[in-house]
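Asks: I'd like to ask you about the structure that follows.
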């Protein structure tokens, strides 16, 4: 895929992700998760807290990359389907 197109798609994904972050349902879940995280991390030693924080950051990055990849693939699939439908219009006319 052209790098420019990929950049535009990723920018759109990021804009939609920011909008999703402000949804009240998600915010409530994030608040609940943060409370559990605080309890769990508070029970760890300083060294273990640092390792856990690094692992959580890495995990978040992996999830973000997976979501971006799925979004890009969804856009590609949608475009392929649109092109197929546009150029095979006679199949659907009866």
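Asks: (1) closer than 30 Å to residue 9 by Cα; (2) in contact with a helix residue (DSSP H, G or I) (Cβ under 9 Å, 6 or more places away or on another chain); (3) at pLDDT 90 or above: which one isn't true of residue 85, the others all being true?
Replies: (3)
Asks: So residue 25 fits all but one of (1) touching a helix residue (DSSP H, G or I) at 6+ places or on another chain (Cβ under 8 Å); (2) at pLDDT 85 or above; what number is the exception?
Replies: If we test residue 25 against (1) touching a helix residue (DSSP H, G or I) at 6+ places or on another chain (Cβ under 8 Å); (2) at pLDDT 85 or above, just (1) comes out false.
Asks: Which of the helices (runs of 4 or more DSSP H) contained wholly in the chain include at least 3 residues that are surrounded by fewer than 11 Cβ atoms within 10 Å (Cβ to Cβ) and touching a residue at least 24 places away in the same chain (Cβ under 8 Å)?
Replies: Numbers: elements: 3-21, 24-42, 46-87, 89-92.
It comes to none.
The values are calculated or read from the model by the stated rules, or taken from the named source; none is laboratory data. Note that the structure is predicted; figures quoted are calculated from it, not measured. Because the Cβ atoms are built from the backbone with ideal geometry, glycine has one as well, and the counts that use them run over all protein chains shown.
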